[in-house]
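Inspection log for the structure reproduced underneath, given as structure tokens.
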Amino acid sequence: MFTVLVVEDDFGTRKLMTVVLKNAGYRPIPAETASEGLELFEREKPDLVLADIMLPDMSGFRLTESLRRISPDVPIIIVTAKQSPSDKHYGFMVGADDYMTKPVDEEELILRIKALLRRAKVASEQKMTFGELELDYTKMSASVSGKDAELTQKEFLLLFKLLSSLGKIFTRNELMEEIWGTSDKNDHTLNVHINRIREKLEGVSSIEIKSVRGLGYKAVKTNE
């Protein structure tokens, strides 16, 4: 049975989420504050986290950053009443995998949880090598000539996606939906991450990430 940590200070909302999760076959772990959530996270090691933003002791953004430092791969969904695009963008930048605004559709919430849990378990043993570049999905790491490229989780997943289908053009929306769970066309997050990957792989001569004007990105071999 998958466990889901619910960090929500409102009693009614926390209770409702707990019931919805139980009915869907999950084991909910309720927490009223961020500090309580962090303590339960380290003790219970949940499979997924639902976090509000407006918590009494620490914002959900800071909580997400703290959780990411502890575990780079646990799925995190921010569930909040804050609906502005800037809040949503910031949520993804600090490490959230998905962002939902209240009131939340219960069926949609369960579907998103299922999708994230499924994605977290996929291809856990895959490795890829392109000349001096090596990717290890089990460790979420990439190395260049044996040296850690120091990619973040999102950078690694984005690079792994592109390299898994060399030559295929992925649209901006496809990549945003796959890696961040959103297809917001006004979000510059994708461009930022692509540029960071290029910088960190500057010494790699075997592959190249190319921009396809008006469409998106593709990865190609350069040594053929």
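The values are calculated or read from the model by the stated rules, or taken from the named source; none is laboratory data. Note that this is a predicted model, so its numbers are computed, not measured. Don't worry about glycine lacking a Cβ; one is built from the backbone with ideal geometry, like all the others, and counts go over all protein chains shown. Heavy atoms of the whole protein, side chains included, go into the accessibility calculation; ligands, DNA and RNA do not. Shrake-Rupley method; radii C 1.70, N 1.55, O 1.52, S 1.80 Å.
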#### Entry: Stokes-Einstein D in µm²/s, Kirkwood radius over Cα pairs - region 1-112 at 25 °C with 0.890 mPa s viscosity
180
### Mean separation of Cα contacts under 8 Å (6+ apart) over length of the chain, as relative contact order %
13
### Query
Which of 111, 63, 40 moves the most in a Gaussian network model of the chain with Cα springs under 10 Å?
111
#### Entry: Within-10-Å neighbourhood charge of residue 219 [Cβ basis; K, R +1; D, E -1]
+4
### Loop GluC sites (Glu not before Pro), region 78-148, which have at most 15 other Cβ atoms in a 10 Å radius of their Cβ (DSSP)
125
#### Entry: Spacing of the two label points (7 Å from each Cα toward its C-beta) at residue 212 and residue 118, in nm
2.4
### Task
Could you provide, to the nearest whole Å², the per residue accessible area of the chain with probe 1.4 Å?
51
### Message
Need the C-alpha centroid separation for region 99-165 versus region 10-62, integer Å.
### Response
23
### Query
Per residue, what volume in Å³ does the convex hull of the Cα atoms of the chain enclose?
122
### Summary
Correct response: the longest run of the chain lacking exposed trypsin sites (Lys or Arg not before Pro), defined by DSSP loop and at most 16 other Cβ within 10 Å, is 1-138
### Summary
The simple spin-label model distance between residue 166 and residue 147, using points 7 Å out along Cα→Cβ, in nm, is 2.4
### Task
Give me the distance in nm between label points sitting 7 Å out from Cα along the Cα-to-Cβ direction at residue 43 and residue 129, one decimal.
4.5
### Task
Could you sort out which of 88/161; 88/154; 45/102; 15/102; 161/221 sit more than 18 Å apart by Cα distance in this structure?
88/161; 45/102
